[in-house]
Amino acid sequence: MNAAPGWYDAGTPGRVRWWDGTQWTAHEADAPAAVAASAPPQHIPLQHVPPQHAPTSSAPAQPSSAPVGPAPGWYVTPAGPARWWDGRKWTGLRFRKDGTPGTDWGSTEQVGFTWALGVIFLALASVQLVLGMVTPGVSFAGFPLLLVAALWFGIAIQTTIVLRIPVPASAPLMLDIVRPFPGEQEGPGAGWYPITGTASRWWTGARWAEYTNSRFGIRPTFHAARSLAALRATAIGVFALAALVVVVGIVFIVISTNDPGNYVAVVVGWVMAIGGVLFAGLGATVIAMNRYQARLLLPPSEPPRAWLPPAAPARP
């Protein structure tokens with residue numbers, strides 16, 4: 001079992017190296033004397049050490065899968081607000097204009113899949129619009145799907161723009177508003193503890209930190225309240241759109257019964273009715289996601305029940 005991401009004994013007295021949860025990176029730093037003396041080597045992540053102290057000129061070459069640039073942290077971007085860098089790429093988590101941590105209006109961990117969804121909904125909308133052109137009075141049928149396609153494309157474009165920001169070259173921000181950082185210890189039993197089947201959260205030994213760790217990497221969760229509210233609004237919107245699509249589909253089916261030769265109206269009606277049912281299923285999925293996201297984003301109200309030190313990675 002791999003150890004959680006953090007600073008571990010580098011095998012050299014007084015030095016620590018960053019372990020990203022999967023492999024060692026090139027980032028080394030001076031170990032804090034107080035923590036290095038009190039923490040068992042390679043068992044508990046050391047306190048957060050600013051990555052700017054890590055030398056880069058003598059760092060060995062890393063494989064392509066290794067993090068590019070500094071260790072995870074909040075960094076100032078060349079243009080725009082400070083943003084969270086996860087060790088491999090920029091994320092949609094950033095500082096808002098009021099100086100508090102939040103998130104972009106649209107962000108995804110799987111940008112390729114999001115582009116694909118945009119293409120799929122655009123294709124469905126195009127079919128509906130073509131059918132509307134050949135059937136009098138139904139030219140608006142594809143517009144709801146067109147709006148959904150535009151939403152997915154917007155999220156994909158926003159995420160792609162963020163991913164193309166240059167790798168951070170400055171020192172990370174060590175602001176109290178985003179502390180405690182993963183790896184900071186404030187008492188016994190500090191470590192990563194599971195909060196869902198696929199994610200864990202950092203416990204400092206005295207309180208839960210606003211950082212989780214999953215297969216996507218370490219992510220801040222300061223945006224929890226806003227994101228959960230947006231997810232609830234999305235679920236309501238999806239159900240409303242599903243109801244509208246089903247009603248319109250039923251209208252076309254009724255029209256086709258009065259005009260048996262109008263096969264286009266029959267096709268449009270059933271396609272929209274079935275599409276509305278699928279949208280309703282999507283709304284139910286969003287509601288289920290809301291419950292999961294609440295467990296993932298909101299810190300638990302109770303401390304972890306038991307502490308087990310993470311398995312130590314092999315020395316570099």
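Under 28 Å from the mean Cα position of the chain (by Cα), among the charged types (D, E, K, R), within 20 Å of R179 (Cβ to Cβ) and at pLDDT 85 or above: does that describe E210?
On the way: under 28 Å from the mean Cα position of the chain (by Cα): yes; among the charged types (D, E, K, R): yes; within 20 Å of R179 (Cβ to Cβ): yes; at pLDDT 85 or above: yes.
So E210 passes the test.
Do the conditions hold for A206, that is, is it under 27 Å from A294 (Cα atoms), part of a loop (DSSP other than H, G, I, E, B) and of a type in the set (A, V, I, L, M)?
Numbers: under 27 Å from A294 (Cα atoms): yes; part of a loop (DSSP other than H, G, I, E, B): yes; of a type in the set (A, V, I, L, M): yes.
Yes.
Can you tell me which residue within the stretch 286-306, out of those that are touching a residue at least 60 places away in the same chain (Cβ under 8 Å) and over 17 Å from the mean Cα position of the chain (by Cα), is surrounded by the most Cβ atoms within 10 Å (Cβ to Cβ)? Walk me through it before giving the result.
If we filter the stretch 286-306 for residues that are touching a residue at least 60 places away in the same chain (Cβ under 8 Å), which is where we start, we get 290, 292-300, 303-304.
Within this subset, residues satisfying the condition of being over 17 Å from the mean Cα position of the chain (by Cα) are 300, 303-304.
Values: P300: 12, P303: 14, P304: 18.
Result: P304.
For I274, all conditions in the list (1) among the hydrophobic types (A, V, I, L, M, F, W, C); (2) surrounded by 14 or more Cβ atoms within 10 Å (Cβ to Cβ); (3) assigned to a helix (DSSP H, G or I) hold save one; what is the number of the exception?
Only one criterion is unmet by I274, namely (2).
Checking P260 against (1) surrounded by fewer than 19 Cβ atoms within 10 Å (Cβ to Cβ); (2) free of Cβ contacts under 8 Å to residues at least 40 places away in the same chain; (3) part of a helix (DSSP H, G or I): exactly one of these is not met. Which one?
The failed condition is (3).
Among the strands (runs of 3 or more DSSP E) contained in the stretch 47-100, which hold 1 or more residues that are touching a Ser or Thr at 6+ places or on another chain (Cβ under 9 Å) and either crowded, with 22+ Cβ neighbours inside 10 Å or at pLDDT below 50 (or both)? Don't jump to the end; show me each part of the working.
Numbers: elements: 73-75, 83-85, 90-95.
Fully inside the stretch 47-100 and qualifying: 83-85, 90-95.
The values are calculated or read from the model by the stated rules, or taken from the named source; none is laboratory data. Only a predicted model underlies this, so the values are computations on that prediction, with no experimental measurement involved. Please note: Cβ atoms are built from the backbone with ideal geometry, for glycine as well, and neighbour counts cover all protein chains shown.
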